[in-house]
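Presented below is the structure to which this report refers.
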Amino acid sequence: MGCPKEGAQVELVFGSAAVWSVIIHKGKTDWGSYDLPPKLKKLMAEQLGEDEKSFPKTYQDLLKMLHDNGASLTINGTWNALTDVEKTIKGKKNIPDYVQPLTLKEMLAHRAKADQYWSF
């Protein structure tokens, strides 16, 4: 598995179970409520050859950093519309601007073209 800094194309897809963690409530997502553990920052810094002080404070900040470094963040737009997170499948009122909602067809196409697909 590569990272954007190594030239790899990286996409994080938030399916229906994970959608709730990237919805904005009062200016931040649920992930914005959780600090990155110091040990995780240290391990990431060692592996990426970075200063651990350069790593973001929260998981939401980490997602933004990944995006800023070339990773694509996408979300199940159908689930957003179905559960009234958004009014339309492509709606972006309640999710971070760097997260792109996808239709089911687009999600399948993204998965089909992936060299690797991991699900957690």
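The values are calculated or read from the model by the stated rules, or taken from the named source; none is laboratory data. Since we're looking at a predicted model, the values are computed, not measured. Every residue, glycine as well, gets a Cβ built from its backbone with ideal geometry; the counts of neighbours run over all protein chains shown. These area figures cover heavy atoms from the full protein model, side chains too; ligands, DNA and RNA do not enter into them. Shrake-Rupley method; radii C 1.70, N 1.55, O 1.52, S 1.80 Å.
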Exercise for the section: For segment 13-34, enumerate the residues that are closer than 16 Å to Leu66 by Cα and either of a type outside the set (Gly, Ala, Ser) or touching a Pro at 6+ places or on another chain (Cβ under 9 Å) (or both). Expected result: Val13, Phe14, Val22, Thr29, Trp31
Practice task
Filter segment 73-93 for residues that are open to solvent by less than 50 Å² (accessible area, probe 1.4 Å) and either in a loop (DSSP other than H, G, I, E, B) or within 24 Å of Pro37 (Cα to Cα) (or both) and give the result.
Solution key: Leu73, Thr83, Val85, Glu86, Gly91
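Which of the residues belonging to segment 43-72 are in contact with a helix residue (DSSP H, G or I) (Cβ under 6 Å, 6 or more places away or on another chain), on the phi < 0 side of the Ramachandran plot and not in a helix (DSSP H, G or I)?
Once the filter is applied, which keeps residues that are in contact with a helix residue (DSSP H, G or I) (Cβ under 6 Å, 6 or more places away or on another chain), on the phi < 0 side of the Ramachandran plot and not in a helix (DSSP H, G or I), segment 43-72 yields Phe55, Pro56, Thr58, Asn69, Ala71.
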Problem - Residue that is among the β-branched types (Val, Ile, Thr), in contact (Cβ under 8 Å) with a residue 12 or more places away in the chain and out of contact with any strand residue (DSSP E or B) (no Cβ under 8 Å at 6 or more places or on another chain), where the choices are Ile75, Ile95, Ile23 - result: Ile23
Practice task
Within segment 72-107, track down each residue that is polar (S, T, N, Q) and farther than 11 Å from Ile23 by Cβ.
Solution key: Ser72, Thr74, Asn76, Thr78, Thr88, Gln100, Thr103
Completion exercise
From the option list Thr103, Thr88, single residue qualifying as out of contact with any Asp or Glu (no Cβ under 7 Å at 6 or more places or on another chain) and either touching a residue at least 40 places away in the same chain (Cβ under 8 Å) or over 15 Å from Phe14 (Cα atoms) (or both) is Thr88
Exercise for the section: Return the pairs, sorted by first residue and then second, in which the second residue is surrounded by 15 or more Cβ atoms within 10 Å (Cβ to Cβ) and modelled with pLDDT under 80, the first residue lies in segment 4-18 and is among the aliphatic types (A, V, I, L, M), the beta carbons are less than 9 Å apart, and the residues are 6+ apart or on different chains. Expected result: Val10/Pro4
Fill in the blank from the handout: In segment 1-15, residues that are open to solvent by 50 Å² or more (accessible area, probe 1.4 Å) and modelled with pLDDT under 80 total 4
